[in-house]
1. Name the single residue, out of those in segment 98-125 being touching a residue at least 40 places away in the same chain (Cβ under 8 Å), not in a strand (DSSP E or B) and not acidic (Asp, Glu), that is surrounded by the most Cβ atoms within 10 Å (Cβ to Cβ).
2. Anything in segment 36-56 that is of a type outside the set (Ser, Thr, Tyr) and either touching a residue at least 24 places away in the same chain (Cβ under 8 Å) or within 14 Å of Glu68 (Cα to Cα) (or both)? List them, or say none.
3. State which residue is modelled with the lowest pLDDT when the search covers only segment 6-27 and only residues that are surrounded by fewer than 15 Cβ atoms within 10 Å (Cβ to Cβ) and within 30 Å of the chain's Cα centre (by Cα).
4. So, in segment 206-251, of the ones that are among the acidic types (Asp, Glu) and under 13 Å from the mean Cα position of the chain (by Cα), which residue ends up farthest from Ala84 (Cα to Cα)?
5. Here are Arg57, Arg88: which of them is under 29 Å from Lys117 (Cα atoms) and either modelled with pLDDT of 90 or more or outside the structural domain of Ile214 (by TED's automatic domain parsing) (or both)?
6. Taking segment 30-43 as the region of interest, how many residues are exposed (fewer than 13 other Cβ atoms within 10 Å of the Cβ) and not hydrophobic (A, V, I, L, M, F, W, C)?
7. Here is a check on your reading of the model: is Leu133 within 19 Å of Pro161 (Cα to Cα), out of contact with any Lys or Arg (no Cβ under 6 Å at 6 or more places or on another chain), not in a loop (DSSP other than H, G, I, E, B) and not charged (D, E, K, R)?
8. As an exercise: evaluate Glu50 against (1) out of contact with any Leu (no Cβ under 6 Å at 6 or more places or on another chain); (2) buried (at least 19 other Cβ atoms within 10 Å of the Cβ) and give the number of the one condition it does not meet.
Amino acid sequence: MPTKPSSTLAKGLQLLRAIVADGGRSTLSDLARALTIPLPTVHRLAVTLEAEGYIERQSKGCYLPGRELSRLLPMLGRAEDRVAMRLRRSLRHLARKHHVFMHFGVLEEGMVTYIVKENGGDEELFTQERMQLEAYCSGIGKILLAALPDKELQAYLDTGPFVPLTRRTLTDPAAIRQELENVRRDGMAFDRFEIRDDIFCVAVPVADPLGRVIGGLSASFIREVPSSRRLTLLRKAMQDVVREVVRAEFPVAQAADGTAGAAAIPDDFAS
């Protein structure tokens, strides 16, 4: 038999929703009447929610959303953070299956911020979650830069000079722009030992159903240039994960023509 949901938890969640929506205007007595929950039950639930930090007392009988909610909401509010949470298990699986490092990152103030990192091998890599790296020489960074409108991309390229991290790093703005045109055409990006002499990386975009790139997904190899066949298989696996996760995050969306849209990689990044 399926497990029955907890009625106490359900009532606690109802009360929490009501307190957030109410904004401190009503007392617990008012909320209890509106929710048709006995006042003693509401009081017990409020004590627990307050003790856990999800609500805080404003005045006698009145409550506001607590600090714990304030801490959690930013993590749930951004699409890229929600997508990252959905991606983690799949990236862990991909990393172990293909013996690579998997990363998911976003563009913040011209830098790549890595949100998810999963290790599929015995070695370690210097990257860490929430650390930032330059965009112009990283696989994810190239994916994200290629998705920028031309004016924003030119503004980024005008911020040079770009520092060579290895002898293979592209530093000339014209060469970087050409590389990004190739990314737009091919739907994938490479870091060919541009960040470090021992790291090769391939990346694909993560886009919402309207084709807006919200992040990049990459696989990194240490001291290895993977074969074309391996890259093809890995790229397909990465794109399959992107489609599955984005469909779950955006189950109902409107395409540009007003019809129901499915999760997609944008046309500029098509296979």
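1. Taking the candidates together, the pick is Val100.
2. Once the filter is applied, which keeps residues that are of a type outside the set (Ser, Thr, Tyr) and either touching a residue at least 24 places away in the same chain (Cβ under 8 Å) or within 14 Å of Glu68 (Cα to Cα) (or both), segment 36-56 yields Ile37, Val42, Leu45, Ala46, Leu49, Glu50, Ala51, Glu52, Gly53, Ile55, Glu56.
3. If we take residues in segment 6-27 being surrounded by fewer than 15 Cβ atoms within 10 Å (Cβ to Cβ) and within 30 Å of the chain's Cα centre (by Cα), then Gly23 is modelled with the lowest pLDDT.
4. Among them, the one singled out is Asp208.
5. Result of the check over Arg57, Arg88: Arg88.
6. Residues that pass the stated criteria total 3.
7. yes
8. (2)
The values are calculated or read from the model by the stated rules, or taken from the named source; none is laboratory data. Here the structure is a predicted model, which is why all the values come from computation and not from measurement. Using ideal geometry, Cβ is built from the backbone for each residue, glycine included, and neighbour counts are taken over all protein chains shown.
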